[in-house]
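Visitor: Pasting in a structure now, in structure tokens, and then I'll have a few things to ask.
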Amino acid sequence: MGNRLSKIYTRTGDEGDTGLGDGSRIAKDSLRVNAMGTVDELNAIIGILLTESLPADIASHLTRIQHDLFDLGGELCIPGHSMVKAERVDDLENTLDALNEHLSPLKEFILPGGSRAAAYCHLARTVCRRAEREVVELSRTEQVTPVARSYLNRLSDLLFVLCRYLNKVQGVADVLWQNDNRQ
């Protein structure tokens with residue numbers, strides 16, 4: 001393992017730039033730093049979700065996802081570096097398929113909510129979508145691995161299914177969207 005932070009403040013970012021893992025410095029409002037920050041925010045929200053009472057297998061999946069997101073943040077912090085493996089995208093798909101087997105087909109749009117765990121999961125899903133958009137935008141001008149984009153896309157799908165699954169296991173109905181313009 002590399003050097004650990006023993007001193008948290010360095011004052012090197014006071015002028016609006018920050019250091020990347022490769023030693024280069026970039027603006028704190030750059031596309032790369034925005035994407036890194038949103039991935040970190042997503043990880044924090046999943047941490048909040050993990051404070052809820054969850055089935056052990058779901059907690060285990062979410063903890064593994066937190067590690068993946070930390071790796072993804074590291075990958076974004078070192079341009080050209082690859083840490084998230086394609087197998088992790090496959091694992092997300094397998095988990096998604098397994099959870100979806102327990103759910104009835106979706107016939108209506110649903111709103112974020114239901115149980116508190118599902119609401120936190122919906123929040124994680126929306127931040128994941130933002131992280132995905134930011135990584136895609138970054139990839140248009142800088143090097144980003146295709147796995148990073150695929151991982152976030154599949155994770156947002158998994159989080160949507162997980163929202164429904166959490167409501168089901170907690171005995172709470174999904175919140176169905178009501179179109180006020182129905183006739």
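Visitor: Counting just the residues of the range 1-21 that are open to solvent by less than 60 Å² (accessible area, probe 1.4 Å) and not aliphatic (A, V, I, L, M), which one comes out modelled with the lowest pLDDT? Step through it out loud before you land on a result.
Guide: First, pick out the residues of the range 1-21 that are open to solvent by less than 60 Å² (accessible area, probe 1.4 Å): 2, 13, 16-21.
Remaining after also requiring not aliphatic (A, V, I, L, M): 2, 13, 16-19, 21.
On the way: 2: 58, 13: 53, 16: 73, 17: 78, 18: 76, 19: 74, 21: 80.
Ranking the qualifying residues of the range 1-21, first place goes to 13.
Visitor: Among the residues in the range 137-152, are any farther than 19 Å from residue 73 by Cα, open to solvent by less than 50 Å² (accessible area, probe 1.4 Å) and either of a type in the set (Phe, Trp, Tyr) or at pLDDT 95 or above (or both)?
Guide: Scanning the range 137-152 turns up no residue that is farther than 19 Å from residue 73 by Cα, open to solvent by less than 50 Å² (accessible area, probe 1.4 Å) and either of a type in the set (Phe, Trp, Tyr) or at pLDDT 95 or above (or both).
Visitor: While we're on this one: Between a first residue in the range 24-49 that is in contact (Cβ under 8 Å) with a residue 60 or more places away in the chain and a second residue that is among the polar types (S, T, N, Q), which pairs have beta carbons less than 9 Å apart while being 6 or more apart in sequence or on different chains?
Guide: Cβ pairs passing all conditions: 31/141; 46/63; 46/66.
Visitor: How many residues does the range 85-118 contain that are assigned to a helix (DSSP H, G or I), open to solvent by less than 70 Å² (accessible area, probe 1.4 Å) and over 21 Å from residue 152 (Cβ atoms)?
Guide: 1
Visitor: Right, something else. Given the options 125, 133, name the one that is open to solvent by less than 70 Å² (accessible area, probe 1.4 Å) and either over 21 Å from residue 57 (Cα atoms) or modelled with pLDDT of 95 or more (or both). It would help to see each step written out before you state the result.
Guide: On the way: 133 fails: open to solvent by less than 70 Å² (accessible area, probe 1.4 Å).
Unique residue meeting the criteria: 125.
Visitor: Looking at the range 163-175, is at least one residue closer than 17 Å to residue 36 by Cα, surrounded by 15 or more Cβ atoms within 10 Å (Cβ to Cβ) and among the aromatic types (Phe, Trp, Tyr)? Steps first, answer last, please.
Guide: Kept after step one, since they are closer than 17 Å to residue 36 by Cα, are these residues of the range 163-175: none.
No, the range 163-175 contains no residue that is closer than 17 Å to residue 36 by Cα, surrounded by 15 or more Cβ atoms within 10 Å (Cβ to Cβ) and among the aromatic types (Phe, Trp, Tyr).
Visitor: Just to check your reading of the model, which residue among 96, 92, 72 is over 28 Å from residue 33 (Cβ atoms), among the aliphatic types (A, V, I, L, M) and touching a residue at least 12 places away in the same chain (Cβ under 8 Å)?
Guide: On the way: 92 fails: over 28 Å from residue 33 (Cβ atoms); 72 fails: over 28 Å from residue 33 (Cβ atoms).
Result of the check over 96, 92, 72: 96.
Visitor: Any residue that is at pLDDT below 95, on the phi > 0 side of the Ramachandran plot and in contact with a strand residue (DSSP E or B) (Cβ under 9 Å, 6 or more places away or on another chain) - is there at least one of those in the range 93-113?
Guide: For the range 93-113, residues at pLDDT below 95, on the phi > 0 side of the Ramachandran plot and in contact with a strand residue (DSSP E or B) (Cβ under 9 Å, 6 or more places away or on another chain): present.
Visitor: Hey, could you check the range 43-84 for residues that are over 20 Å from residue 137 (Cβ atoms) and charged (D, E, K, R) and say which is nearest to the chain's Cα centre (by Cα)?
Guide: Residues of the range 43-84 over 20 Å from residue 137 (Cβ atoms): 44-68, 70-71, 83.
If we keep only those that are charged (D, E, K, R) too, we end up with 52, 57, 64, 68, 71.
Values: 52: 17, 57: 18, 64: 12, 68: 9, 71: 12 Å.
Checking each candidate, the answer is 68.
Visitor: A further question follows. So, of the residues in the range 22-70 that are at pLDDT 95 or above and charged (D, E, K, R), which turns out to be surrounded by the most Cβ atoms within 10 Å (Cβ to Cβ)?
Guide: 68
The values are calculated or read from the model by the stated rules, or taken from the named source; none is laboratory data. A quick note: this is a predicted structure, and the numbers were derived from the prediction, not measured. Counting neighbours? That spans all protein chains shown, and the Cβs are built from the backbone with ideal geometry, glycine included. Calculation scope for accessible area: heavy atoms of the full protein, side chains included, ligands and nucleic acids excluded. Shrake-Rupley method; radii C 1.70, N 1.55, O 1.52, S 1.80 Å.
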